[in-house]
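The values are calculated or read from the model by the stated rules, or taken from the named source; none is laboratory data. Just so we're clear, the structure is a prediction, and the values are computed from it rather than from any experiment. FYI the Cβ positions are ideal-geometry reconstructions off the backbone, even for glycines, and counts take in every protein chain you see. Heads up: the accessible areas ignore ligands, DNA and RNA and are worked out on the full protein's heavy atoms, side chains in. Shrake-Rupley method; radii C 1.70, N 1.55, O 1.52, S 1.80 Å.
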Amino acid sequence: MIQISLEGRTALVTGASGGLGSAIALTLAQAGATVAVHYRSGQAQAESVVTAIKAIGGRAQAFSADLSDHQAAIGLVQDVDRAFGSVDILVNNAGMDGTCAVVGEDDPQRWQEVLAVDLIGPYHCARAALAAMQKNARGVIINVTSVHEFIPWKGYSAYTTAKAGLSMFTKTLAQENADKGIRVLAVAPGAIQTPINEPVWSDPESLKDLDEKIAMGRLGKPSEIAHVVTFLASDLASYITGTTVAVDGGMLIYPEFRHGG
Ligand code: BGC
């Protein structure tokens with residue numbers, strides 16, 4: 001029988017108080033990892049993720065940091081390393097879509113904020129995690145990107161730019177570390193039903209429009225991302241590095257082209 005085991009590994013999941021992050025944290029714990037549950041402001045939610053992990057016999061602790069503050073991002077990784085003795089798995093999950101505004105009508109300050117959280121924060125977390133991983137010559141870094149590392153999205157140029165950048169960062173970092181026992185990957189979720197896109201799925205008309213953009217015709221569930229992240233973090237994925245795994249129900253296979261053309 002094939003089993004995924006992360007026994008003896010420590011995982012840090014950023015943005016783990018809700019959305020995809022809490023599902024990822026819980027699933028990694030189900031596979032046996034000790035989990036650092038990072039949050040920025042959702043302390044109560046992060047603590048409830050920790051409680052849920054402890055309820056299944058797992059080990060977890062909540063850590064707070066504002067990842068747009070780069071010293072705080074570095075400090076977070078160092079705190080986790082100190083608390084648990086290693087950082088074997090880093091899931092750079094924290095991110096935000098930003099405010100919808102086309103370039104010219106947008107606020108440059110907000111544009112930079114999205115880059116700070118979605119790209120530069122992950123860079124600092126990865127950089128600090130590498131130092132911890134190199135001690136044991138073992139580690140996996142998984143950057144959560146989006147189908148929008150490939151698909152342009154009107155009104156969200158900061159987000160698409162950050163995600164495309166994070167994808168290329170993933171490949172370069174993977175190349176730099178492939179011979180050091182450290183794998184670096186990206187997971188690109190499509191439309192997964194979480195609070196980030198609630199305004200879209202809570203409205204029947206915009207939900208119908210979104211479903212039509214997905215070949216499978218439905219939104220994904222957070223667990224469907226968490227399972228892939230857990231597999232990629234495990235030794236079952238020992239020969240995969242430097243690539244993006246799309247988990248999108250077929251958003252990237254252009255369902256609009258089932259007709260016409
Ligand atoms: C965004 C969601 C959006 C989805 C599909 C994700 O990256 O965070 O808000 O629904 O892409 O467009």
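For the stretch 87-139 and the stretch 174-218, what is the separation of their C-alpha centers, rounded to whole Å?
Centre-to-centre (Cα) distance: 16 Å.
Determine the principal axes of the Cα atoms in the stretch 199-242, then give the extent along each, sorted from largest to smallest and rounded to whole angstroms.
43, 17, 16
Hey, got the dipole for the chain? About the Cα centre, +1 on K and R Cβ, -1 on D and E Cβ, debye to the nearest 20?
Roughly 820 debye for the chain.
Once Rh is set to the Kirkwood radius over Cα pairs, what Stokes-Einstein translational diffusion coefficient, in µm²/s, holds for the stretch 36-134 at a temperature of 10 °C and a viscosity of 1.306 mPa s?
Details: Rh = 14.7 Å.
Approximately 108 µm²/s, per Stokes-Einstein.
With the dipole of the chain worked out from charges on the C-beta (+1 for Lys and Arg, -1 for Asp and Glu) around the Cα centre, which of G190, V102, C125 lies farthest toward the positive end?
Of the options given, the answer is C125.
Using the Cα centre of the chain as origin and beta-carbon charges of +1 (Lys, Arg) and -1 (Asp, Glu), tell me which of N143, G155, S238 is placed farthest towards the positive end of the dipole.
Of the options given, the answer is S238.
If packing is taken as the mean number of other Cβ atoms within 10 Å per residue, what is the order of 174-183, 14-23, highest first?
14-23, 174-183
Go through F169, F63, F257, F231 and list them by solvent-accessible area, largest first, probe radius 1.4 Å. Spell out each step's value before the answer.
Values: F169 45, F63 20, F257 145, F231 75 Å².
Per-residue accessible area, sorted high to low, gives F257, F231, F169, F63.
Largest first, how would R138, R127 line up by accessible area (1.4 Å probe)? Please list the in-between numbers first.
Numbers: R138 90, R127 145 Å².
So, going from the largest accessible area down, we get R127, R138.
At 7 Å along the Cα-to-beta-carbon direction for both D203 and D179, put a label point, then send me their distance in nm to one decimal.
5.4 nm
Would you kindly state how much longer the chain becomes between V102 and Q78 on full extension, computed as 0.36 nm times their sequence separation minus their alpha carbon distance, in nm to one decimal? Show your work: numbers first, answer last.
On the way: separation 24, 0.36 × 24 = 8.64 nm, distance 3.80 nm.
My answer for the length gained is 4.8 nm.
Plugging the Kirkwood radius over Cα pairs into Stokes-Einstein for the stretch 83-130, at a temperature of 37 °C and a viscosity of 0.692 mPa s, what D comes out in µm²/s?
Details: Rh = 12.5 Å.
My calculation gives 263 µm²/s for D.
Just by accessible area at a 1.4 angstrom probe, what is the order of K163, K54, K213 from largest to smallest? Show your work: numbers first, answer last.
Numbers: K163 10, K54 120, K213 85 Å².
Ranking K163, K54, K213 by accessible area, largest first, yields K54, K213, K163.
For the stretch 10-245, restrict the atom set to alpha-carbon positions and state the Rg and Dmax in Å.
17.0, 52
So what is the relative contact order for the chain, in percent, with contacts set as C-alpha pairs under 8 Å and at least six apart?
Working: 522 pairs, mean separation 49.0, N = 261.
After rounding, I find 19 percent.
Assign unit charges at the C-beta atoms only (+1 for Lys and Arg, -1 for Asp and Glu), then state the dipole size of the stretch 154-261 relative to its Cα centre in Debye, rounded to the nearest 20. Please report the intermediate quantities before stating the final value.
Values: 10 positive and 12 negative charges, 48 e Å.
Dipole magnitude for the stretch 154-261 comes out near 240 debye.
At R0 = 41 Å, how high is the FRET efficiency between T243 and Q109 if r is their beta carbon distance? Nearest 0.05 is fine.
According to the calculation, E is roughly 0.75.
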